[in-house]
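Read through the structure below, which is laid out as C-alpha cells, and then see the notes.
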Amino acid sequence: MLLDGEAWTAKVQGFKREAWRLETLPVYRVPSEDGDIQEFLSGQRLDPENYSSGYTDGLRRFKAEGKSKGRVHIVTQPLTDYLRFEFMYYDVHSRAGDEIRILDVTDRTNPLEGVQDFWLFDRSEVVLMNYATDGTQVSRELYEGDPAPYIEYQRIALTESVPFREYINGGHRT
C-alpha cells in the first residue's frame with residue numbers, strides 16, 4: 001500500500017512511542033528546497049539557537065509527550081553540498097529533540113550495504129522510502145512483511161553510528 005497525503009501525515013504524526021528513519025542517500029531531490037540550498041551555498045546560515053519552525057515545534061511536542069523521533073544517516077566524506085545543507089538543519093533539529101546519528105562509512109565497510117531508506121514506527125510498522133537514482137522520491141510503501149529485519153537494521157545502525165553533535169565536533173568536515 002502506497003502512502004501519500006493525509007495517510008502519510010497520519011503515519012508520521014500518529015506514532016505512539018517511536019518514529020525512526022534510516023537515510024542512505026548522499027542527495028535527496030526536494031524541489032521545494034532548491035532555493036534554500038542555493039542560499040546555503042551562497043553563505044546564508046540558520047541561527048541554530050533561535051530557529052523555530054512547525055517541524056521543530058513538533059519535535060519538542062513529541063519529546064514533551066515522551067515520544068522519540070530519530071534517524072541514522074549513512075555518509076561518506078567528502079560530504080555532498082546537499083548533506084552539508086542537511087547538516088545545518090540537523091543541528092537545529094537535534095537541538096529540538098530529533099535523535100540524529102551519523103554512520104560514516106568513508107574508511108570502512110558499510111554494515112547496511114544494500115538496505116534502502118525506511119521509516120520504522122513503534123518497532124512494528126515499516127514504510128519503505130523509494131527513490132529514483134537522482135534522489136527524487138518515487139513513493140512511500142507500507143511494508144506488509146515481518147518488521148524483524150528492519151528492527152535489526154535499526155539496531156546495527158544505532159550501534160555503528162555516533163550522535164550527530166559528536167560527529168560534527170569530532171573534526172569531521174562538514
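Each reported figure results from applying straightforward, stated rules to the coordinates on display, with no laboratory input. Computed from a predicted structure; not experimentally measured. Backbone-built Cβ (ideal geometry, glycine too); neighbour counts: all protein chains shown.
Some observations on this one:
- Ordering Leu2, Leu79, Leu22 from the fewest to the most neighbouring beta carbons within 10 Å gives Leu2, Leu79, Leu22.
- Net length gained if the chain between Lys16 and Leu2 were fully extended (0.36 nm per residue, minus Cα distance): 2.9 nm
- Per residue, the average separation of C-alpha pairs within less than 8 Å and at least 6 apart gives the chain a relative contact order of 31 percent.
- log10 of Debye I(q)/I(0), alpha-carbon scatterers only, for the chain at 0.09, 0.11, 0.12, 0.16 Å⁻¹: -0.31, -0.47, -0.57, -1.08
- For the chain, a crude dipole built from +1 on the beta carbon of Lys and Arg and -1 on the beta carbon of Asp and Glu, taken about the Cα centre, is about 540 debye to the nearest 20.
- The stretch 104-165 - Rg over Rh from alpha carbon coordinates, Kirkwood radius: 0.99
- Residue among Thr109, Trp119, Thr136 farthest towards the positive dipole end of the stretch 5-169, charges placed on Cβ: Trp119
- Fully extended contour minus Cα-Cα distance, from Ser139 to Ser32, at 0.36 nm per residue: 36.8 nm
- The calculated P(r) of the stretch 30-95, using every Cα pair and 10 Å bins from 0, goes 17, 46, 31, 6 in percent.
- Each of Ile102, Ile151, Ile74 was scored by other Cβ atoms within 10 Å of its Cβ. Arranged with the fewest first, they read Ile151, Ile74, Ile102.
- For the stretch 106-121, 3J(HN,Hα) per residue [Karplus equation, 6.51 cos²θ - 1.76 cosθ + 1.60, θ = phi - 60°, Hz, x = Gly/Pro]: 4, 10, 7, 6, 6, x, 10, 3, x, 7, 8, 4, 7, 10, 10, 10
- Shape of the stretch 1-70, Cα gyration tensor, a/c cut at 1.5: oblate
- Remark: the stretch 1-69 carries a charge dipole of roughly 520 debye about the Cα centre, counting +1 on each Lys and Arg Cβ and -1 on each Asp and Glu Cβ.
- Per-residue [θ]222 nm for the chain (sum of -39500 (n - 2.57) over DSSP H runs n ≥ 4, rounded to 500): -11000 deg cm²/dmol
- Panel order for Asp4, Asp117, by other beta carbons found within 10 Å of each beta carbon, from fewest to most: Asp4, Asp117.
- Extension gain (nm, one decimal) between Glu113 and Glu49, 0.36 nm per residue minus Cα-Cα: 19.5 nm
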